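Take a look at the structure set out below.
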Amino acid sequence: MISMKLNIALFAAVTFLCFTAAAQPSNSMATAPDYSHANEPLPDGVINWDALLKTVDISNDQQVAQFTFLFTNVSPSAITVLTVHPSCGCTTAELPPVPWLIPAGTNGQIKLTVNLQGKAGTLFKSVNVATDKGNKNLMLRINILPPPPLPEMTEAQRAAGIAAAKIDRQAVFKGDCASCHLKKVEGKYGQPLFAAICAICHEAKNRATMVPDLHNLQVPTSEEFWRAWITVGKEGSLMPAFATSQGGPLNDLQIASLAAYLNATCPSKVPSAATK
Ligand code: HEC
Ligand code: HEC
């Protein structure tokens with residue numbers, strides 16, 4: 001039964017192939033893309049690229065880096081771009097449909113977009129452009145700039161902040177306070193989100209004594225512990241509530257990502273009662 005189905009399928013495929021081959025007008029056979037050199041390096045004198053390596057410096061709150069490579073077919077005959085293949089799923093290429101014919105003496109451009117979510121430091125990506133005359137690697141370098149240092153605070157500013165937060169611990173998300181305390185959080189998760197919104201209080205060199213060191217807590221911690229603190233903070237303290245349901249800036253997914261990040265990087269120093 002299975003082999004019968006297979007035979008039918010094979011028969012259908014073969015007839016289809018024969019039919020399409022027969023239906024090809026003979027002149028289009030001559031221009032069908034030639035993949036035989038696609039794996040060889042592109043020889044000199046075929047394509048001029050505006051650059052083979054492009055670098056961008058980008059602030060750490062950007063979500064994508066974009067590049068455009070321009071090229072010219074400097075050879076006496078047409079070339080065909082067969083594939084454009086980024087090294088990483090984080091990179092997408094924008095170009096006309098392939099096979100893409102580039103007549104002699106004409107130009108083309110390939111736009112590349114690298115998704116930076118969850119990335120830090122210097123990234124190298126490459127993109128392989130395969131043509132019927134050979135292939136070339138284009139290199140991308142992205143320097144994600146470290147976050148700017150925390151602003152220097154005067155004693156008066158510090159006291160004003162604490163006084164306002166004592167009246168309303170959500171004040172940090174409002175008005176003037178937000179310019180320092182509410183950095184761009186959309187699309188951020190985990191470590192970059194912590195750096196954007198928690199570090200200002202918890203990692204500050206000059207923080208007030210009531211702001212605890214999260215790496216050195218003297219209570220048992222767990223993912224649930226972190227989630228609960230971030231969601232509702234603490235009434236009557238300076239720790240704000242971050243959940244949108246409490247008037248804060250973070251959605252459930254962002255809170256879950258912070259809880260997972262903190263649970264992994266600040267392991268509980270004190271065992272919970274259950275495991276004692
Ligand atoms: C405006 C300053 C401020 C910001 C911003 C802030 N916190 Fe806090 N946080 C505090 C203060 C103050 C306390 C101490 C609360 C108290 O009095 O118990 C605290 C307490 C905590 C605690 C309880 C620790 C313990 O002692 O058990 C956790 C957990 C915590 N913060 C996590 C975070 C996380 C995660 C973020 C970012 C989403 C964040 N905080 C942002 C000020 C801040
Ligand atoms: C110019 C930037 C800036 C502004 C504006 C600002 N803060 Fe802060 N805030 C900081 C920094 C930086 C820290 C970390 C402690 C430090 O360096 O003094 C901090 C810490 C805090 C803390 C933790 C207690 C402490 O001093 O360590 C609270 C609470 C706070 N700010 C509330 C507020 C409120 C409320 C406002 C608005 C009235 C506000 N802040 C405006 C930069 C700012």
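The values are calculated or read from the model by the stated rules, or taken from the named source; none is laboratory data. Note that the structure is predicted; figures quoted are calculated from it, not measured. Virtual Cβ from ideal backbone geometry, glycine too; neighbours counted across all protein chains shown. To get the accessible areas, we keep the full protein, side chains included, count just its heavy atoms, and leave off ligands, DNA and RNA. Shrake-Rupley method; radii C 1.70, N 1.55, O 1.52, S 1.80 Å.
Candidates in the stretch 170-189 are the residues that are over 22 Å from V232 (Cβ atoms) and open to solvent by less than 50 Å² (accessible area, probe 1.4 Å); of these, the one that is nearest to ligand 2 (Cβ to nearest atom) is C180.
Of everything listed in (1) open to solvent by less than 80 Å² (accessible area, probe 1.4 Å); (2) out of contact with any Lys or Arg (no Cβ under 8 Å at 6 or more places or on another chain); (3) over 17 Å from G118 (Cα atoms), the single unmet condition for P192 is (3).
So, L70, is that one under 30 Å from N143 (Cα atoms) and either open to solvent by 60 Å² or more (accessible area, probe 1.4 Å) or of a type outside the set (S, T, Y) (or both) or not? Walk me through it before giving the result.
On the way: under 30 Å from N143 (Cα atoms): yes; either open to solvent by 60 Å² or more (accessible area, probe 1.4 Å) or of a type outside the set (S, T, Y) (or both): yes.
The answer is yes for L70.
The set of residues in the stretch 129-154 that are at pLDDT 95 or above and within 16 Å of ligand 2 (Cβ to nearest atom) is empty. Where helices (runs of 4 or more DSSP H) sit wholly within the stretch 176-276, those with at least 1 residues that are of a type in the set (S, T, Y), more than 9 Å from ligand 1 (Cβ to nearest atom) and at pLDDT below 95 occupy 177-181, 252-265.
Looking at (1) among the aliphatic types (A, V, I, L, M); (2) outside any strand (DSSP E or B); (3) touching a strand residue (DSSP E or B) at 6+ places or on another chain (Cβ under 7 Å), which is the only condition V172 fails? Among (1) among the aliphatic types (A, V, I, L, M); (2) outside any strand (DSSP E or B); (3) touching a strand residue (DSSP E or B) at 6+ places or on another chain (Cβ under 7 Å), V172 violates only (3). Residue pairs whose Cβ atoms lie under 7 Å apart, separated by 6 or more positions or on different chains, with the first residue in the stretch 165-191 and farther than 21 Å from L253 by Cα and the second away from ligand 1 (no atom under 12 Å from the Cβ), are C180/P151. In the stretch 60-136, which strands (runs of 3 or more DSSP E) lie fully inside it and hold 2 or more residues that are over 24 Å from the mean Cα position of the chain (by Cα)? Here the list reads 64-73, 79-86, 100-102, 107-115, 122-131.
Which one of these does Q157 not meet: (1) part of a loop (DSSP other than H, G, I, E, B); (2) under 30 Å from V211 (Cβ atoms); (3) open to solvent by 70 Å² or more (accessible area, probe 1.4 Å)? Every condition holds for Q157 apart from (1).
Among residues of the stretch 80-101 being aliphatic (A, V, I, L, M) and out of contact with any Ser or Thr (no Cβ under 7 Å at 6 or more places or on another chain), the one that is farthest from P33 (Cα to Cα) is A93. Within the stretch 99-112, residues that are under 12 Å from I79 (Cβ atoms) sit with their Cβ atoms under 6 Å from residues that are surrounded by fewer than 12 Cβ atoms within 10 Å (Cβ to Cβ), at 6+ positions apart or across chains, in these pairs: A104/P76; A104/S77. Scanning the stretch 232-255 for residues that are without any contact (Cβ under 8 Å) to a residue 60 or more places away in the chain and surrounded by 18 or more Cβ atoms within 10 Å (Cβ to Cβ) yields F242, A243, I255.
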